[in-house]
Amino acid sequence: MPTFMLMSRHTPADCPVNNPEHLKVTVEGMSQMEALAKKHGVKIIGTWNAHPEHLVVQVVEAPNLESYMAMWMEPAMTAMLDYTTSEFKAVLTAPEIAQILKQRMQQK
């Protein structure tokens, strides 16, 4: 299954720690995230927060980017995206890269 990564940033003023409205939205969204992921066939590998940088990184496996984006288009998820700047990327694992490099070496 393809792997996707979300990188999401917010400003200190928009941080849920400092902003009561965003705190409510974030707690609500996080409480629904696992169920929404399951609904859309998304497996969450992990979600990390670099708090001093106001950066969230999430890595998932999903059938396709459309499935992952559909999860994030659910109302509870879009509410969290409303106060962030987010990037969604298709990524490869280290073993996948190693396999590509081995194939490349064999072609030369």
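Scan (1) within 24 Å of residue 1 (Cβ to Cβ); (2) in contact with a Cys (Cβ under 8 Å, 6 or more places away or on another chain) for the single condition residue 22 breaks and write down its number.
Tallying (1) within 24 Å of residue 1 (Cβ to Cβ); (2) in contact with a Cys (Cβ under 8 Å, 6 or more places away or on another chain), residue 22 fails exactly one: (1).
Give 37, 62 a once-over and let me know the one that is touching a helix residue (DSSP H, G or I) at 6+ places or on another chain (Cβ under 9 Å), within 14 Å of residue 90 (Cα to Cα), of a type in the set (A, V, I, L, M, F, W, C) and modelled with pLDDT of 95 or more.
62
Would you mind stating whether residue 68 is of a type in the set (Ser, Thr, Tyr) and part of a helix (DSSP H, G or I)?
yes
Can you report the number of residues in the stretch 6-34 which are in contact with a helix residue (DSSP H, G or I) (Cβ under 9 Å, 6 or more places away or on another chain), among the hydrophobic types (A, V, I, L, M, F, W, C) and not in a strand (DSSP E or B)?
So the answer is 5.
Report, by residue number, each residue of the stretch 17-39 that is among the β-branched types (Val, Ile, Thr) and surrounded by 17 or more Cβ atoms within 10 Å (Cβ to Cβ).
Selection gives 25, 26.
Give me the pairs: first residue in the stretch 48-75 and without any contact (Cβ under 8 Å) to a residue 40 or more places away in the chain, second residue hydrophobic (A, V, I, L, M, F, W, C) and loosely packed, with under 13 Cβ neighbours inside 10 Å, beta-carbon distance under 8 Å, and six or more apart or on different chains, which are they?
From the stretch 48-75, the pairs are 51/17.
Matching residues to (1) at pLDDT 95 or above; (2) under 10 Å from the mean Cα position of the chain (by Cα); (3) surrounded by 13 or more Cβ atoms within 10 Å (Cβ to Cβ):
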| position | (1), (2), (3) |
| --- | --- |
| 41 | yes, no, yes |
| 46 | yes, yes, no |
| 50 | yes, no, no |
| 58 | yes, yes, yes |
| 67 | yes, no, yes |
| 74 | yes, no, yes |
| 77 | yes, no, yes |
| 86 | yes, yes, yes |
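Here's a check for you: in the stretch 1-16, which residue that is surrounded by fewer than 14 Cβ atoms within 10 Å (Cβ to Cβ) and modelled with pLDDT of 95 or more is farthest from residue 45 (Cα to Cα)?
For the stretch 1-16, the residue satisfying everything is 13.
Would you be able to say whether some residue in the stretch 38-55 is among the small types (Gly, Ala, Ser) and assigned to a loop (DSSP other than H, G, I, E, B)?
The answer is yes, given that some residue of the stretch 38-55 is among the small types (Gly, Ala, Ser) and assigned to a loop (DSSP other than H, G, I, E, B).
The values are calculated or read from the model by the stated rules, or taken from the named source; none is laboratory data. These numbers come from a predicted model, not from an experiment. A quick note on method: Cβ atoms are made from the backbone with ideal geometry, for glycine too, and the neighbour counts reach across all protein chains shown.
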